[in-house]
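In what follows, a single structure is set out as structure tokens and then discussed.
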Amino acid sequence: MASSSVFSPLLRALRPSSTSCSGRAASGDSSGAAVVAVGGAAPRPAPLAAAVSHRRELLLGAALGAAALLKAPLPAEAREVEVGAVLPPAPSNPGFVFFRATPKDTPALRAGNVQPYEFILPPSWKQTRVANILSGNYCQPKCAEPWVEVKFEDDKQGKVQVVASPLIRLTNRPNATIEDIGSPERLITSLGPFVTGNTFDSDELINTTVEKIDGQTYYSYVLDTPLALTGSHNLAKATAKGNTVVLFVASASDKQWQSSEKVLKTIVDSFKV
């Protein structure tokens with residue numbers, strides 16, 4: 001085990017050597033050679049008892065030192081990496097980096113159920129792990145329910161995630177466009193819980209817009225969601241392509257929103273499939 005390889009040398013260094021113990025026992029120091037009990041009982045070697053007690057103290061000290069090391073912070077190389085260290089700068093957005101998903105990133109992209117998508121991020125953000133039960137890994141290539149593709153976050157600014165929903169969950173028409181599914185309000189009614197993390201009320205919808213980018217139609221949303229698990233402020237952008245509706249969500253708490261509203265809107269605006 002890794003722990004034994006780390007701490008064994010420490011214990012070995014603290015362990016009294018047999019040579020030194022035997023040397024003390026064999027020494028000619030008559031003051032410590034033996035202690036005779038009252039009544040003529042067999043002599044008890046005092047140096048040996050002292051050595052055993054000393055060894056216990058050393059081993060206890062080593063164990064406490066090991067516990068302290070286990071609680072120490074992880075080395076820098078074991079921590080999450082900021083995206084600015086691995087992603088290229090965004091060509092048209094100074095101060096941001098560019099992320100484009102590829103088949104190596106998610107099970108759905110490898111299965112061909114989702115078309116590659118892209119967006120920009122501030123360089124200080126970090127990618128976070130998606131739980132297997134949420135990733136769609138268990139149901140590809142035919143998932144009946146929405147799943148989470150990727151997640152990124154920054155403690156001070158908020159978080160974003162890409163949610164994918166099978167088209168058949170929203171319409172019976174194969175390869176339907178987002179307009180075929182219905183109005184922006186109808187779509188968010190179906191997918192709203194995947195924005196908030198719990199429930200969605202139509203009163204939480206503040207604004208909707210429709211735009212075309214490279215022939216692809218997108219619905220965009222601004223939501224005020226005080227009871228949402230994801231955050232009290234949510235922005236979303238959705239489109240349909242192939243057999244999937246792809247939903248991009250940016251979430252923030254009240255505190256994060258105050259300082260990062262503009263940044264989050266820039267991130268969401270950059271999303272394309």
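Some notes on this structure:
- Condition met for residue 93 (under 18 Å from the mean Cα position of the chain (by Cα), in a loop (DSSP other than H, G, I, E, B) and polar (S, T, N, Q)): no
- Matching residues, the range 227-256, being outside any strand (DSSP E or B), more than 19 Å from residue 146 (Cβ to Cβ), touching a helix residue (DSSP H, G or I) at 6+ places or on another chain (Cβ under 8 Å) and not small (Gly, Ala, Ser): 227
- Subset of the range 204-225 (residues that are modelled with pLDDT of 95 or more, surrounded by fewer than 19 Cβ atoms within 10 Å (Cβ to Cβ) and not hydrophobic (A, V, I, L, M, F, W, C)): 207, 208, 209, 211, 212, 216, 217, 224
- Some residue of the range 119-129 being over 28 Å from residue 244 (Cα atoms) and assigned to a helix (DSSP H, G or I): no
- When residue 182 is tested against (1) surrounded by fewer than 17 Cβ atoms within 10 Å (Cβ to Cβ); (2) under 30 Å from residue 258 (Cα atoms), only condition (2) is not met.
- Qualifying positions in the range 230-259 - of a type in the set (Phe, Trp, Tyr) and crowded, with 24+ Cβ neighbours inside 10 Å: 248
- Only a single criterion out of (1) open to solvent by 10 Å² or more (accessible area, probe 1.4 Å); (2) of a type outside the set (D, E, K, R); (3) assigned to a strand (DSSP E or B) is not satisfied by residue 162, namely (1).
- Criterion applied to 144, 131 was being touching a residue at least 24 places away in the same chain (Cβ under 8 Å) and either under 30 Å from residue 256 (Cβ atoms) or open to solvent by 60 Å² or more (accessible area, probe 1.4 Å) (or both), and the one residue passing it is 144.
The values are calculated or read from the model by the stated rules, or taken from the named source; none is laboratory data. Source: prediction; values computed, not measured. When we count neighbours, we look across all protein chains shown, and the Cβ atoms used for this are built from the backbone with ideal geometry, even at glycine. For the accessible areas, the whole protein counts, side chains as well, though only heavy atoms, and no ligand, DNA or RNA atoms are used. Shrake-Rupley method; radii C 1.70, N 1.55, O 1.52, S 1.80 Å.
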